[in-house]
Amino acid sequence: MNLNDLSLKQTLEGLKGKKFSSQEVTQDCLTQIEAVEGSIKAFVTVLKDEALKQAKDADEQIAKGEKAALLGIPISMKDNFCTQGVRTTASSKVLDNFIPPYDATVVSKLKKSGIVILGKTNMDAWAHGSSTETSDYGTTKNPWNVSHLPGGSSGGSAASVAASETIASIGSETAGSIRQPAAWCGVVGLKPTYGRVSRYGVVAMASSLDSPGPLTKTVEDAALMLQVLAGQDLYDATTYPKEVPDYSKDLSKSIEGLRIGISDDYFDAITDPDVKLKIEDALKVYEKLGAKIKKIKLLDPKYSIAVYTILQRAEVSSNLARYDGIRYGAERDKLGSEAKRRIMLGTYVLSAGYYDEYYGKAQKVRTVIVENFKQAFQEVDVIICPTSPSTALKVGASADNPMFGEMADMLVEPSSIAGLAGINIPCGFDSKGLPVGLQIVGPQFSESLILNVAFKYEQETQWYKERPSFAKVSEGQAQK
Amino acid sequence: MSLQLDQIKKIAKLANLPVTDKEAAKLEEELNETLKFVQNLDQVDLKNIEPTYQVTGLFNVMRPDTVATSLTSSQALANAPAKEDGYFKVKAVFKDES
């Protein structure tokens with residue numbers, strides 16, 4: 001086992017106990033990046049020299065007894081977080097030469113906590129997609145089998161964690177972009193409540209939904225990352241002025257008597273029978289741990305897909321209007337076909353005469369979805385369902401399908417529309433050896449609870465110990 | 001209701017998007033497919049339902065109006081494709097009528 005295989009928690013302990021240095025961990029990550037990037041392509045930009053220098057600085061601070069929360073931990077970042085002096089593309093050629101003059105709030109928080117930045121990870125261009133296939137910098141491959149997709153839009157972040165190219169990563173989710181790639185790559189992905197983590201300096205997709213969050217090897221690691229990321233930010237008026245709890249405190253609390261809700265409509269949406277079997281197995285584990293499973297009636301996710309499609313495209317058309325090629329970036333002819341498709345539909349649903357028919361109506365159905373969840377959370381504490389209707393699809397699956405993302409993300413969209421907290425955790429493998437993801441959804445600001453519920457299952461089943469091996473990566477290459 | 005090609009071209013103009021005839025024809029097909037998909041919202045009873053604009057319920061968020069450092073002129077202009085004398089340089093907006 002190399003240092004890059006360690007969890008965040010293990011790395012912190014090793015650094016604290018002086019078992020190894022930040023430079024050694026960082027070097028092992030960079031070595032792994034060099035070894036596997038040819039087949040995985042998780043990164044748009046690798047910051048080799050900068051990372052080693054940051055690691056050296058971190059080691060000096062550790063020697064001085066400095067105690068920042070994540071001091072010396074190498075991480076990767078989705079390429080839509082503005083990083084001062086480091087190119088930030090959002091995987092679109094429009095921003096091919098964009099060097100932000102400032103850091104996103106989450107980036108400055110992470111820097112203050114002492115992290116080392118390994119590089120910027122690939123994503124669907126502008127986060128428009130669930131495959132990384134819309135990236136202008138090539139498609140990222142799934143480390144479990146490189147002929148399959150990693151999911152998206154935070155596909156590079158998820159793949160970099162799964163392939164142990166990094167200790168942890170951050171991504172962003174509008175509806176599914178953290179949880180779905182985490183599911184397809186077999187890692188933990190936490191989508192915090194809307195407004196729990198600042199959007200300032202994140203290349204905007206749909207501003208009423210965007211939520212940055214961690215992708216990690218374990219649940220405990222997600223709690224440690226969220227601890228640094230969460231909190232009110234005066235630069236983002238939608239961040240919520242609520243105290244940030246200690247997310248690691250209640251991880252191992254008993255879940256005896258926990259009420260878990262399941263909804264038939266969410267299970268009917270599953271397209272892959274292996275996924276259903278694995279989720280049912282997981283529910284049995286929860287019963288063994290003392291939880292009570294209760295059937296609830298949630299709105300059919302098909303309404304959420306429609307609401308999401310309208311709101312997201314409308315907000316995209318507004319957010320991408322700023323790319324005029326005057327202050328920074330290239331002109332609008334560099335926008336890819338997916339971005340154009342979304343801007344066009346968004347412009348239409350917001351245009352005079354059609355606003356009420358589409359955008360106005362979708363905002364009302366959003367209220368119905370919010371109320372539906374509120375009612376559900378009077379009967380149950382959390383809701384469990386699959387994260388994705390299938391395991392990772394084959395490379396090429398998203399081509400010429402204008403609704404690909406919406407279908408791949410249909411089981412995460414309802415909770416995103418309601419601004420809820422959700423987490424993906426690995427719950428086994430399908431017959432092809434691809435990871436299956438389990439989703440736990442809680443009310444707004446229930447991050448501590450869902451982390452606790454996730455941690456109990458993770459400790460009982462220990463799926464996190466399964467990692468794709470070098471052998472599997474090279475086998476995948478041979479298949480190609 | 002479905003979108004026609006002339007509407008596609010009008011929307012492209014509104015969105016300031018360069019769209020070729022070939023792209024427009026493809027967009028017509030794809031956008032209509034998507035619009036058909038979202039029609040299911042008509043099945044939801046929306047009588048007396050208010051729209052949700054802000055999902056956590058925040059309203060009129062204020063912060064102290066204090067002076068803080070911001071970007072320098074050269075930082076703000078660093079990514080501009082064209083600049084002159086400390087300004088962004090843009091193409092003429094009005095046609096020369098002289």
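Name the residues in segment A:68-89 that are within 14 Å of chain B (Cβ to nearest Cβ) and closer than 20 Å to A:SER177 by Cβ, would you?
The initial filter retains those residues of segment A:68-89 that are within 14 Å of chain B (Cβ to nearest Cβ), namely A:82-89.
Correct list: A:CYS82, A:THR83, A:THR88, A:THR89.
Considering (1) within 8 Å of another protein chain (Cβ to nearest Cβ); (2) in a helix (DSSP H, G or I); (3) touching a strand residue (DSSP E or B) at 6+ places or on another chain (Cβ under 7 Å), the lone condition that A:ALA376 does not fulfil carries the number (1).
Applying a threshold of 9 Å to beta carbon distances and a minimum spacing of six or more residues, or different chains, the list of pairs starting in segment B:40-66 at a residue that is part of a loop (DSSP other than H, G, I, E, B) and ending at one that is exposed (fewer than 10 other Cβ atoms within 10 Å of the Cβ) reads B:LEU58/A:PRO241; B:VAL61/A:PRO241.
Residue-wise test of (1) surrounded by fewer than 24 Cβ atoms within 10 Å (Cβ to Cβ); (2) modelled with pLDDT under 95; (3) basic (Lys, Arg); (4) within 19 Å of the chain's Cα centre (by Cα).
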| residue | (1), (2), (3), (4) |
| --- | --- |
| A:ASP400 | yes, yes, no, no |
| A:PHE404 | yes, yes, no, yes |
| A:PHE429 | yes, no, no, no |
| A:GLN439 | no, no, no, yes |
| A:LEU451 | no, no, no, yes |
| A:LYS456 | yes, no, yes, no |
| A:TRP463 | yes, no, no, yes |
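Of the helices (runs of 4 or more DSSP H) lying entirely inside segment A:227-319, those containing at least 2 residues that are modelled with pLDDT of 95 or more and crowded, with 19+ Cβ neighbours inside 10 Å are A:273-288, A:301-319. In segment A:281-299 there is at least one residue that is out of contact with any His (no Cβ under 8 Å at 6 or more places or on another chain), among the aliphatic types (A, V, I, L, M) and within 12 Å of chain B (Cβ to nearest Cβ).
The C-beta contact set for segment A:33-44 (first residue within 12 Å of A:THR139 (Cα to Cα) and of a type outside the set (Val, Ile, Thr), second residue at pLDDT 95 or above and loosely packed, with under 15 Cβ neighbours inside 10 Å, distance under 9 angstrom, 6+ apart or interchain) comprises A:LYS41/A:GLY138. Quick check on segment A:349-358. Is at least one of its residues more than 8 Å from every other protein chain (Cβ to nearest Cβ) and within 25 Å of the chain's Cα centre (by Cα)? The answer is no; no qualifying residue exists.
Is it true that A:SER172 is closer than 19 Å to A:GLU338 by Cβ, touching a residue at least 24 places away in the same chain (Cβ under 8 Å) and in a strand (DSSP E or B)? In short, yes.
If only one of A:LEU311, A:LEU335, A:LEU320, A:LEU345 is more than 19 Å from B:LEU27 (Cβ to Cβ) and within 28 Å of the chain's Cα centre (by Cα), which one is it?
On the way: A:LEU335 fails: more than 19 Å from B:LEU27 (Cβ to Cβ); A:LEU320 fails: more than 19 Å from B:LEU27 (Cβ to Cβ); A:LEU345 fails: more than 19 Å from B:LEU27 (Cβ to Cβ).
Among A:LEU311, A:LEU335, A:LEU320, A:LEU345, only A:LEU311 is more than 19 Å from B:LEU27 (Cβ to Cβ) and within 28 Å of the chain's Cα centre (by Cα).
Looking at B:ALA80, B:ALA92, B:ALA12, B:ALA76, just one residue is of a type outside the set (Phe, Trp, Tyr) and loosely packed, with under 13 Cβ neighbours inside 10 Å, and that residue is B:ALA92. Within segment A:335-343, can one find any residue that is of a type in the set (Ser, Thr, Tyr) and either buried (at least 23 other Cβ atoms within 10 Å of the Cβ) or more than 24 Å from B:LEU3 (Cα to Cα) (or both)? No, there is no match, as no residue in segment A:335-343 is of a type in the set (Ser, Thr, Tyr) and either buried (at least 23 other Cβ atoms within 10 Å of the Cβ) or more than 24 Å from B:LEU3 (Cα to Cα) (or both). Within segment A:369-379, track down each residue that is β-branched (Val, Ile, Thr) and crowded, with 20+ Cβ neighbours inside 10 Å. Passing the criteria: only A:ILE369. Among the residues making up segment B:18-38, those that are of a type outside the set (Asp, Glu) and under 19 Å from A:ILE310 (Cα atoms) are B:LEU27, B:LEU31, B:ASN32, B:THR34, B:LEU35, B:LYS36, B:PHE37, B:VAL38. Look through segment B:42-69, keep the residues that are among the hydroxyl-bearing types (Ser, Thr, Tyr) and within 9 Å of another protein chain (Cβ to nearest Cβ), and return whichever of them is surrounded by the fewest Cβ atoms within 10 Å (Cβ to Cβ). It comes out as B:TYR53.
Looking across segment B:21-41 at every residue that is more than 9 Å from every other protein chain (Cβ to nearest Cβ) and touching a Ser or Thr at 6+ places or on another chain (Cβ under 9 Å), the one that is surrounded by the most Cβ atoms within 10 Å (Cβ to Cβ) is identified as B:GLU28. Scan segment A:225-279 for residues that are within 14 Å of chain B (Cβ to nearest Cβ), in contact with a strand residue (DSSP E or B) (Cβ under 6 Å, 6 or more places away or on another chain) and not hydrophobic (A, V, I, L, M, F, W, C) and jot them down. Scanning segment A:225-279 gives a single hit, A:THR239. Checked against the criterion of being farther than 18 Å from A:VAL107 by Cα, modelled with pLDDT of 95 or more, surrounded by fewer than 24 Cβ atoms within 10 Å (Cβ to Cβ) and not aromatic (Phe, Trp, Tyr), the candidates A:ALA183, A:ALA206 yield just one match: A:ALA206. The residues listed here are A:ALA163, A:ALA222; of these, the one that is under 26 Å from A:ILE279 (Cβ atoms), surrounded by 24 or more Cβ atoms within 10 Å (Cβ to Cβ), more than 14 Å from the chain's Cα centre (by Cα) and modelled with pLDDT of 95 or more is A:ALA163.
The values are calculated or read from the model by the stated rules, or taken from the named source; none is laboratory data. Keep in mind that what you see is a predicted model, and the values were worked out from it rather than measured. Here the Cβ is made from the backbone with ideal geometry for all residues, glycine too, and neighbour counts use every protein chain on show.
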